[in-house]
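**Student:** One structure coming up, written as structure tokens, with questions to follow.
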Amino acid sequence: MSRTVTVGLDGTRESLAAAEWAAREARLRGLALRMVQVWEAVPLMQAPFLGRETRQRWDEPSERIPFETAQALRRRHPGLDITWRQLTGRPAEVLPEAAEESELLVLGSRGLGGLGGFLLGSVGQSVVARAERPVVFVRAPEGDEEGALPETDGPVVLGLDANAPDDALTAFAFDAAARRETALRVVHSWNLPPYFAYGLPPDPELNAQLADGEARTLAEALRPWRQKYPALDVIEEARPGKAVDQLVDASRRASLVVVGRRIRRATPFGGRIGSVAHAVLHHAAAPVAVIPHQ
């Protein structure tokens, strides 16, 4: 595996923002940045129905976009090793293959304006469902300056099932927070007691017992990681309710949200994102890293 951060580039504002985020990440990790532009030949039957700009983008690959993007990134990040490649094929198939050669893949995603979150297209959904390396989605900021991203020192937020923690997911989040020299906020959600669904009176004693047990489970899951990163400020949150709601709320103050995706190679329908990761990708206000794990 090549030690690079790879970013998918197509010239849109979203991909240029992703390239800037990827350049910063590459510097944090001390890695090279590789930009990948995937050219897909326009299907003949679709050509008459496409707009002129789309046809021009599909007619032939252009070196202008990666060349100009690389030049701009070198000015903003002097000393960063930046390379670019043009590949041919379907982006949904080529990008997961490019991810396998990298430490992580970064993609741009259209923002939902005032609603926050992402508009995750079919290519993005396919890539994140198939890639077996971490995939980070970055949306373009508000405004007209291409490639500009606001600096943020917010915490890294990790969505963790403390009852079935995965080392790959936890390691990525702890490493990301340590490199950014920021806090790590770990969110563990648990289901409310059955009486809540039936409108029965709450049982404060039972609630307290459940909350205490879930908090201890989370603390035990994080204990070896706290020992490995003793200087890191780790904020543990074990709360009842939906994980998606809590992660989306936490994303508004975060520099990065980290969620997991379980790899299911045996499924006849191909890869799946998972309901929590899928919802977080659509509604989070911060960049989202999806970590595949067993």
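**Student:** Please specify each residue of the stretch 20-52 satisfying the condition of being at pLDDT below 90 and part of a helix (DSSP H, G or I).
**Tutor:** ALA47, PRO48, PHE49, ARG52, listed by residue number.
**Student:** LEU104 versus (1) within 29 Å of ALA279 (Cβ to Cβ); (2) at pLDDT below 90: which is the lone unmet condition?
**Tutor:** (2)
**Student:** Then there's this: Here is a check on your reading of the model: is ALA164 in the same structural domain as ALA285 (by TED's automatic domain parsing), assigned to a loop (DSSP other than H, G, I, E, B) and at pLDDT below 95?
**Tutor:** Yes.
**Student:** If I filter the stretch 180-217 down to residues being assigned to a loop (DSSP other than H, G, I, E, B) and at pLDDT 70 or above, which single residue comes out as farthest from ALA164 (Cα to Cα)?
**Tutor:** Selected residue: GLU181.
**Student:** Output the residue which, of all residues in the stretch 202-227 that are of a type in the set (Lys, Arg) and surrounded by 12 or more Cβ atoms within 10 Å (Cβ to Cβ), is nearest to the chain's Cα centre (by Cα).
**Tutor:** Looking at the filtered set, the residue picked out is ARG226.
The values are calculated or read from the model by the stated rules, or taken from the named source; none is laboratory data. Please read these numbers as outputs of a predicted model, since none were measured by experiment. Virtual Cβ from ideal backbone geometry, glycine too; neighbours counted across all protein chains shown.
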